[in-house]
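See below for the structure under consideration.
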Amino acid sequence: MGTDIGGPTTTSAPPATRSRVPGAAKRSNSNRDGVRTMAKEYLEQLAALTRETTSGRFKDVTLECKHFFSGAAVYANGRICMSLTTVGFALKLPEEARNTLVEKQGAKPLRYFPKAPIKKDYVILPEAMLKDLRTLRRWMKVSIKYVLSLPAPVRRRK
C-alpha cells in the first residue's frame, strides 16, 4: 500500500475509513478531516526528508514512513526510530547521543504535551539541524542503528 521513495524506503497510510483512535467516531467530521490533513502533510514532509537523507544508504534496512497519531513516523525494519509531529522532528537515540544533542546542539527531550511525561529515548532536534543535511544524516544513521540493536518488541495477542 506504500509508495516507493528510493530503494527500500516506503510510505504507507492506514485506510481513511478506519480509525484506530478510541472515540474517534464521536468526533465531528471537520475535526477528523483537519487531523487527517495535518497528518498527511507531516507524512509527506517526513517521507521527503527521509528520501533526501537516506536514499541508497541503508541497503539492508527497510525504512517506512507511516501515519503516527496526528503526525508521521519512520520505521526501520518495523521499529520506530523517528517522528514528525506538532512538537517537531524527534529521533530515538541512545542515552549518550541524546545527552550530546541536548547539551551541545540545543535539542530538547520529547514531550507531546506541556504536562505529559518525557518520552525517554527521544529528543527533538532544533530547526537549524534540519537544514544541515550532512549532520541530520549522521544522526538519523545513529537512530536507525540504535533501534535495530534493541531487542525485538514483544507482540501482544489480542
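Exactly one residue out of Ala73, Ala97 is surrounded by fewer than 22 Cβ atoms within 10 Å (Cβ to Cβ), of a type outside the set (Lys, Arg), outside any strand (DSSP E or B) and touching a residue at least 24 places away in the same chain (Cβ under 8 Å), and it is Ala97.
Residues in region 76-94 that are among the polar types (S, T, N, Q) and part of a strand (DSSP E or B) were compared, and the one that is farthest from the chain's Cα centre (by Cα) is Thr85. Does Arg51 fit the bill of being assigned to a helix (DSSP H, G or I), of a type in the set (Lys, Arg) and surrounded by 14 or more Cβ atoms within 10 Å (Cβ to Cβ)? So Arg51 passes the test. Of the residues making up region 118-128, those that are surrounded by 19 or more Cβ atoms within 10 Å (Cβ to Cβ) and either farther than 19 Å from Ser149 by Cα or at pLDDT below 95 (or both) number 2. Looking at region 112-128, can you tell me whether even one residue there is within 16 Å of the chain's Cα centre (by Cα), in a loop (DSSP other than H, G, I, E, B) and within 23 Å of Thr53 (Cα to Cα)? There is at least one residue in region 112-128 that is within 16 Å of the chain's Cα centre (by Cα), in a loop (DSSP other than H, G, I, E, B) and within 23 Å of Thr53 (Cα to Cα).
The values are calculated or read from the model by the stated rules, or taken from the named source; none is laboratory data. Keep in mind the model is a prediction, meaning the values are calculated, not measured. Backbone-built Cβ (ideal geometry, glycine too); neighbour counts: all protein chains shown.
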